[in-house]
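A.B. asks: Let me give you the structure first, and then I'll get to my questions.
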Amino acid sequence: MVALSKKLRGFLKKLLPKFSEHGIKLIITTIILLLPYHSIWSQNYIQGKVIDKEGNPLVGAIIELQETRQGCFTNSLGEFSFSGLKPGKYHIQIQLIGYIPQTATLELTPYKNIDTLFQLIPTVLELENILIESKITQIRAKEYSLNIETVDAALLQKHLSPHLLATLSRIPGINYSNLGINIAKPVIRGLNKNRVVVLENGIKQEGQQWGNDHGLEIDPLGMHQIEIIKGPASLIYGAEAMGGIIFFKPPPQVKNRLLETSFFSSFMSLNQGFSNSWSLATQIKNHSVRVRTTTQDYADFQVPATSFQYNRFILPIYNKTLKNTAGKEKHFSIYWDINAKKYILSFLVSHYHQQVGLFAGAMGIPRAYNLLPDNDSRNIDLPYFNTQHTKFICNGKIFFAYSWLEWDIGIQQNLRIEFSQPHAHGRPSHTISNEAVHLNLKTLTLNTRHHWYIKKWHHVIGLNFQAQENNFKGFEFILPHFNNAQIGIWGYSKYAPAKDWVINGGLRADWAITKITAYRDPIFENGNDAIKKNFQNACYSFGISYSPSSSINLKFNTASSFRFPTPSELSIDGMHHGFFRHEKGNSELNTEKGYQFDLSFEWKNRHWLMRATPFFNYFSNYIYLAPSGNFSPLPGAMQIYHYKQAPVIYAGSELTVESHPLPCLHIALYSEYLYTFNLQNLRPLPFIPPNSLLVEAEYTFSKKKSSIWKELFCKIDSRFVADQRRVAQNEWPTSGYSLWNVSIGSEWQYNELQVKITFQVQNLFDRSYLSHLSRYRLINVPEAGRNFVLTLLIIFSRLHPLT
């Protein structure tokens with residue numbers, strides 16, 4: 001300090017020659033006195049320790065600081081720390097398998113650092129994620145008035161299915177509509193297509209959501225966690241989130257992880273399918289990079305059937321194999337995260353490529369010779385489709401005192417090309433190419449949000465903007481050129497008047513414009529006139545969460561929602577092969593409006609979890625397809641379906657019961673019930689999933705601390721699906737069924753190497769059944785038969801040495 005004082009005196013005498021010696025001493029004294037305060041301001045930190053009930057340190061607990069997306073593991077003393085933080089409020093989450101997760105809100109002031117202690121309580125229930133969707137609302141699941149479900153990467157790998165949504169359908173209220181075993185769309189509480197929003201890194205996935213034969217163009221093996229909100233989420237996530245959202249989240253930045261590489265491989269007997277995915281993640285100072293590449297190659301898949309029905313004709317299925325359903329997929333992504341003291345930046349670049357053959361009996365007019373075996377189950381012949389989805393996303397966050405500003409920028413291109421033989425669609429094959437449908441959708445998305453705290457209040461205001469351009473070409477018209485743009489502003493507030501009560505709510509307003517180009521098919525003269533529509537609407541949301549004790553949580557939410565008619569609903573006029581029908585749009589459609597009510601009752605202790613989530617939805621202008629009774633002039637299209645609007649009711653409930661009668665035994669029951677009613681024609685709505693019940697039991701053998709073997713589990717589950725007799729006019733009912741699945745798996749760890757192996761038998765008894773939401777149901781083709789699944793996951797992680 002003396003040396004510093006002498007250097008300052010010499011510098012100040014040169015800089016201020018006219019100052020007296022007394023004045024220079026006063027300046028030096030002031031600078032030295034201010035140095036400690038400057039040090040405190042620039043080096044604020046949060047540190048703490050995690051212990052068990054006996055006070056012993058817990059090693060390896062995951063600590064996440066939500067605002068900065070930082071994470072770390074507790075060291076050998078149970079300690080952790082985050083430094084270089086700006087003053088403000090921070091949400092911290094502590095998780096460790098075998099213990100109840102904890103979360104806390106910590107306030108960091110300019111002149112005070114935080115040193116805290118967390119004591120975790122043991123539990124035999126599965127690990128819960130107690131802080132959800134921090135990116136948008138920064139609110140815990142207990143405080144959020146809608147029902148939340150979370151799925152992590154471990155569960156996805158443990159229950160690997162031919163497509164991601166088959167795994168997510170284990171959650172009550174989640175279903176899917178599918179085309180075979182490789183293409184599926186999410187259904188939440190009976191609502192699907194443009195009523196369910198899929199997000200990746202905060203950006204809404206924009207493909208061809210209007211078609212059930214267009215799957216999700218996201219690599220499921222690249223996800224760290226999937227969050228599902230069931231219920232009206234239009235306030236925050238936009239007009240189309242009437243049914244809910246599915247949010248794909250990247251992994252947090254773990255600061256003491258130097259290098260992680262993983263390899264995942266799987267085999268499925270059903271279609272002789274091989275999947276391989278490799279990832280590499282590393283971190284240098286405040287930069288982290290994650291690269292992933294995934295490939296899939298599968299052959300024609302098998303069904304427990306020898307024939308199918310097309311327009312009253314019975315046609316053969318040779319060798320119980322649907323010819324030309326093979327496919328190939330290649331996906332690549334790179335994620336770069338910069339976590340500085342004052343800001344966070346992240347960039348995602350991804351490319352999804354899928355090429356899949358289409359069963360000749362499900363597209364165009366089937367010819368007998370097209371159904372004959374070709375002795376090559378892996379070739380892809382006509383008809384087939386090629387889908388490519390390229391995406392660039394930039395997320396950012398800037399910190400201020402007690403507030404922060406976030407933004408998301410997304411650029412997407414979705415290219416879907418369907419190839420088919422022109423004569424199968426009544427076209428002269430010598431005059432045109434095999435390119436039946438070519439859809440090129442480009443989307444620009446901009447989101448911004450500002451968060452700030454005032455005592456017991458947390459406020460968020462946001463703005464969303466999206467612009468789209470779709471171009472069409474091909475010999476089979478279905479959807480014309482269009483441009484649309486939409487902008488929305490919203491505000492959300494959370495108020496905690498007491499420890500047990502949380503109240504949240506907000507308002508939103510949106511404006512949209514859609515321009516559709518006129519088109520007329522030169523042969524069949526189907527098409528549309530030019531359309532220009534302007535829309536505007538507003539909605540609200542209000543909810544309460546009450547937790548009188550750590551075992552009980554009660555929720556109520558009421559909200560209005562809306563959805564603008566899509567270009568396909570306004571202008572489509574062509575054969576939709578996904579449903580063997582001629583779909584015709586309606587340019588007079590108005591905004592779809594809904595009034596939705598949700599309740600949630602939850603009780604739990606160390607060994608039991610019970611949750612019931614009833615809901616009631618009323619839509620005043622619900623948009624749906626209805627049969628006209630007139631046959632289409634298009635080849636193979638059968639009946640014409642028109643888009644109409646009517647007042648309808650959606651109501652139902654989900655029930656979850658989980659029990660651990662023994663620490664190593666898990667028993668669970670999940671059920672879902674859904675009721676729909678069209679108040680105009682006094683009939684149920686079409687394409688509604690039947691009621692179902694899932695029962696599962698899992699036994700986990702205890703691990704030995706001294707052994708590299710960590711875990712061995714055995715599991716059996718059965719899904720019971722009821723008859724679906726409540727169907728719309730001219731919709732076929734389906735019979736109920738039951739499916740049994742068994743699985744066994746084990747995990748080993750040796751130093752920094754982790755290995756997991758799982759073996760499953762799906763549809764154990766090779767049951768033949770029709771899924772009510774499958775497009776193949778319309779030609780009497782059952783779902784896939786027995787399937788053997790083998791998965792292997794290898795993870796190598798190199799961490800900083802524990803201190």
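A.B. asks: Please list, by residue number, everything in the stretch 314-339 whose backbone N is under 15 Å from a paramagnetic label point 7 Å out along Cα→Cβ of PHE392.
C.D. replies: Hits in the stretch 314-339 for PHE392 at 15 Å: 334-336.
A.B. asks: Residues of the stretch 229-342: accessible area per residue at 1.4 Å, in Å²? Could you put the intermediate results ahead of the total?
C.D. replies: Working: 4610 Å² over 114 residues.
In whole numbers, the stretch 229-342 has 40 Å² accessible per residue.
A.B. asks: While we're on this one: Check which residues have an amide H placed less than 5 Å from ASN780's amide H, if you skip close sequence neighbours.
C.D. replies: GLN309
A.B. asks: Given +1 on the Cβ of Lys and Arg, -1 on the Cβ of Asp and Glu, and no further charges, what dipole in debye does the chain carry about its Cα centre, rounded to the nearest 20?
C.D. replies: Computed charge dipole of the chain: roughly 2460 debye.
A.B. asks: Collect residues whose amide H, placed 1.01 Å from N in the peptide plane, falls under 5 Å from the amide H of ILE218; neighbours closer than 5 in sequence don't count.
C.D. replies: Amide H neighbours of ILE218, under 5 Å, 5+ apart: none.
A.B. asks: Taking a virtual spin label 7 Å from the Cα of PHE701 along the C-beta vector, which residues in the stretch 655-677 bring their backbone nitrogen under 15 Å of it?
C.D. replies: 664-665
A.B. asks: Work out, step by step, the length gained on full extension between ASP152 and ARG606: first 0.36 nm times the residue separation, then minus their alpha carbon distance; give nm to one decimal.
C.D. replies: Working: separation 454, 0.36 × 454 = 163.44 nm, distance 2.16 nm.
Net length gain for the segment: 161.3 nm.
A.B. asks: As a test question: what accessible area, to the nearest 10 Å², does GLU240 have when a 1.4 Å probe is rolled over all protein chains in place?
C.D. replies: Counting only protein heavy atoms, the figure is 30 Å².
A.B. asks: For a Förster distance of 25 Å, can you work out the FRET efficiency between the beta-carbons of LEU790 and ASP376, rounded to the nearest 0.05? Display every interim value, and only then the final one.
C.D. replies: On the way: r = 24 Å, r/R0 = 0.97.
Approximately 0.55, to the nearest 0.05.
A.B. asks: What are the ³J(HN,Hα) values, in whole Hz, obtained from phi via the Karplus relation 6.51 cos²θ - 1.76 cosθ + 1.60 with θ = phi - 60°, for each residue of the stretch 649-658 in sequence order, with x given for Gly and Pro?
C.D. replies: Taking θ as phi minus 60°, the curve returns 10, 10, 8, x, 6, 10, 10, 10, 9, 10 Hz for the stretch 649-658.
A.B. asks: Moving on to the next point. Could you pull the accessible area for VAL196 with a 1.4 Å probe, rounded to 10 Å²?
C.D. replies: Counting only protein heavy atoms, VAL196 exposes about 10 Å² to solvent.
A.B. asks: Tell me the mean residue ellipticity at 222 nm calculated for the chain from its helices only (DSSP H runs of n ≥ 4, each -39500 (n - 2.57), averaged over every residue, nearest 500).
C.D. replies: Details: 6 runs with 56 residues, N = 803.
Calculated from helices alone, the mean residue ellipticity at 222 nm is -2000 deg cm²/dmol.
A.B. asks: Then there's this: Add +1 for every Lys or Arg and -1 for every Asp or Glu among the other residues with Cβ under 14 Å from the Cβ of SER571, and state the total. Before the final figure, lay out the partial values.
C.D. replies: On the way: positive: LYS515, ARG520, LYS532, LYS533, LYS584; negative: ASP521, ASP529, GLU569, ASP573, GLU583, GLU588.
Result for the local shell: -1.
A.B. asks: Another question about this same structure. If each of GLN639 and ASN56 carries a label point 7 Å out from its Cα toward its Cβ, how far apart are those two points in nm?
C.D. replies: With each label point 7 Å from Cα toward Cβ, the separation is 6.8 nm.
A.B. asks: May I pose another question? Can you tell me the FRET efficiency between TYR540 and GLU435 if r is taken as the Cβ-Cβ distance and R0 is 41 Å, rounded to the nearest 0.05?
C.D. replies: Working: r = 46 Å, r/R0 = 1.13.
Plugging the Cβ-Cβ distance into 1/(1 + (r/R0)^6) gives 0.30.
A.B. asks: Let me ask another. Select from the stretch 50-125 those chymotrypsin sites (Phe, Trp or Tyr not before Pro) which occupy a DSSP coil region and have at most 12 other Cβ atoms within 10 Å, ordered by residue number. Intermediate values should be presented prior to the final figure.
C.D. replies: Numbers: sites: PHE73, PHE80, PHE82, TYR90, TYR99, TYR111, PHE118; in loops: TYR111.
Passing sites in the stretch 50-125 are TYR111.
A.B. asks: Please report the net charge: other residues with Cβ closer than 11 Å to the Cβ of GLN47, K and R +1, D and E -1. Numbers along the way, then the final one.
C.D. replies: Details: positive: LYS49; negative: GLU79, ASP115.
Neighbour charge sum, excluding GLN47 itself: -1.
A.B. asks: If you don't mind, there's one more thing I want to ask. In nm, to one decimal, how far is the modelled label at LYS330 from the one at GLN309, with both set 7 Å along Cα→Cβ?
C.D. replies: 4.3 nm
A.B. asks: Under the classification rounded if a/c is under 1.5, otherwise prolate if a/b is larger than b/c and oblate if not, where does the stretch 525-590 fall, given a ≥ b ≥ c as square roots of the Cα gyration tensor eigenvalues? Walk me through the numbers on the way to the answer.
C.D. replies: Working: a/c = 7.56, a/b = 2.41, b/c = 3.14.
It comes out oblate by the Cα gyration axes.
A.B. asks: Right, next: In the chain, carbon and sulfur make up what percent of the accessible area (probe 1.4 Å)?
C.D. replies: On the way: 20390 of 33790 Å².
The nonpolar share, carbon plus sulfur, comes to 60 percent.
A.B. asks: For GLU206, GLU79, give me the order by solvent-accessible area with a 1.4 Å probe, most accessible first, ignoring ligands, DNA and RNA.
C.D. replies: On the way: GLU206 10, GLU79 80 Å².
Per-residue accessible area, sorted high to low, gives GLU79, GLU206.
A.B. asks: Still on this structure, I have one more. Of LYS86/LYS112; LYS204/LYS532; LYS204/LYS328; LYS285/LYS710, which sit over 22 Å apart, Cα to Cα? It would help to have the intermediate numbers written out before the result.
C.D. replies: Numbers: LYS86/LYS112 11 Å; LYS204/LYS532 24 Å; LYS204/LYS328 25 Å; LYS285/LYS710 32 Å.
Pairs exceeding 22 Å: LYS204/LYS532; LYS204/LYS328; LYS285/LYS710.
A.B. asks: Determine the gain in length on full extension of the stretch LEU259-HIS224; use 0.36 nm per residue of separation and subtract their C-alpha separation, reporting nm with one decimal. Numbers along the way, then the final one.
C.D. replies: Numbers: separation 35, 0.36 × 35 = 12.60 nm, distance 1.65 nm.
Extra length from LEU259 to HIS224 when fully extended: 11.0 nm.
A.B. asks: Could you state the accessible area per residue of the stretch 588-686 in Å², with a 1.4 Å probe and every protein chain left in place? Spell out each step's value before the answer.
C.D. replies: Working: 4360 Å² over 99 residues.
Roughly 44 Å² per residue, with all protein chains present.
A.B. asks: What is the local net charge at SER307, summed over the other residues whose Cβ is closer than 14 Å to its Cβ (Lys, Arg +1; Asp, Glu -1)? Spell out each step's value before the answer.
C.D. replies: Working: positive: ARG312, LYS320, LYS323; negative: none.
Computed value for this residue: +3.
A.B. asks: With the Cα gyration tensor of the stretch 204-310 giving a ≥ b ≥ c as the square roots of its eigenvalues, does the rule (a/c under 1.5 for rounded; else a/b larger than b/c for prolate; else oblate) give rounded, prolate or oblate? Write out the running numbers ahead of the final one.
C.D. replies: On the way: a/c = 3.12, a/b = 1.23, b/c = 2.53.
It comes out oblate by the Cα gyration axes.
A.B. asks: Residue by residue through the stretch 113-122, which ³J(HN,Hα) values in whole Hz follow from phi under the Karplus form 6.51 cos²θ - 1.76 cosθ + 1.60 (θ = phi - 60°), with glycine and proline marked x?
C.D. replies: In residue order, the calculated couplings are 8, 10, 10, 10, 10, 10, 10, 9, 9, x Hz.
A.B. asks: Just how far, in whole angstrom, is the stretch 496-557 from the stretch 300-331 if you go by their alpha carbon centroids?
C.D. replies: Result: 39 Å between the Cα centres.
A.B. asks: Separate question: Between LYS473 and LYS532, what is the spin-label point distance in nm, taking each point 7 Å from the Cα along the Cα→C-beta axis?
C.D. replies: Between LYS473 and LYS532, the label points sit 2.7 nm apart.
A.B. asks: While we're here: Around TYR176, which amide H atoms from residues at least 5 apart in sequence, or from another chain, sit under 5 Å from its own amide H, with H modelled in the peptide plane?
C.D. replies: Counting only residues 5 or more places away or on other chains, the set is VAL187.
A.B. asks: Taking θ as phi - 60°, what are the ³J(HN,Hα) couplings along the stretch 409-420 by the Karplus curve (6.51, -1.76, 1.60), each to the nearest whole Hz, with x for Gly and Pro?
C.D. replies: These are the phi-based 3J(HN,Hα) values: 10, x, 10, 10, 9, 10, 10, 10, 10, 10, 10, 7 Hz.
A.B. asks: Sticking with this one: For the chain, what's the relative contact order in percent, using C-alpha pairs closer than 8 Å and at least 6 residues apart?
C.D. replies: Working: 2197 pairs, mean separation 78.1, N = 803.
Answer for the chain is 10 percent.
A.B. asks: Continuing with this model, one more query. Once a ≥ b ≥ c are taken as the square roots of the eigenvalues of the Cα gyration tensor of the stretch 587-635, is the result rounded (a/c under 1.5), prolate (a/b larger than b/c) or oblate (a/b not larger than b/c)? Let's see the in-between values first.
C.D. replies: Working: a/c = 5.82, a/b = 2.51, b/c = 2.32.
Because a/c hits 1.5 or more and a/b exceeds b/c, the stretch 587-635 counts as prolate.
A.B. asks: Still on this structure, please answer the following. With no solvent and one point per C-alpha, what does the Debye sum give as log10 I(q)/I(0) for the chain at q = 0.07 Å⁻¹?
C.D. replies: Once normalised to I(0) and log-transformed, intensities are -0.55.
A.B. asks: Using a 1.4 angstrom probe with every protein chain in place, what is the largest-first accessible-area order of ASP573, ASP529?
C.D. replies: Values: ASP573 5, ASP529 105 Å².
Result, largest first: ASP529, ASP573.
A.B. asks: Okay, moving on. Relative contact order for the stretch 232-319 using alpha-carbon pairs under 8 Å, separation at least 6, rounded to a whole percent?
C.D. replies: On the way: 116 pairs, mean separation 15.7, N = 88.
Reported as a whole number, the value is 18 percent.
A.B. asks: Relative contact order for the stretch 602-704: what percent, with Cα pairs under 8 Å and sequence separation of 6 or more? Could the numbers behind the result be given before it?
C.D. replies: Details: 199 pairs, mean separation 24.4, N = 103.
Relative contact order comes out at 24 percent.
A.B. asks: Ok, one more. Consider a paramagnetic label point 7 Å from the Cα of LEU554 along Cα→Cβ; state which residues of the stretch 585-615 have an amide N under 16 Å from it.
C.D. replies: Counting backbone N atoms under 16 Å from the label point, the list is 598-604, 611-614.
A.B. asks: Report the full-extension gain for the segment ASN780 to ALA509: residue separation times 0.36 nm, less the Cα-Cα distance, to one decimal in nm. The partial results should precede the final answer.
C.D. replies: Working: separation 271, 0.36 × 271 = 97.56 nm, distance 4.50 nm.
In short, 93.1 nm is gained.
A.B. asks: Can you give me the solvent accessible area of PHE759 with a 1.4 Å probe, rounded to the nearest 10 Å²?
C.D. replies: Counting only protein heavy atoms, PHE759 exposes about 80 Å² to solvent.
The values are calculated or read from the model by the stated rules, or taken from the named source; none is laboratory data. Predicted model, so just to flag it, every value in this text is computed and none were measured. Note that we place each Cβ from the backbone using ideal geometry, even for glycine, and neighbour counts take in every protein chain shown. The accessibility values were calculated without ligands, DNA or RNA, using every heavy atom of the protein model including side chains. Shrake-Rupley method; radii C 1.70, N 1.55, O 1.52, S 1.80 Å.
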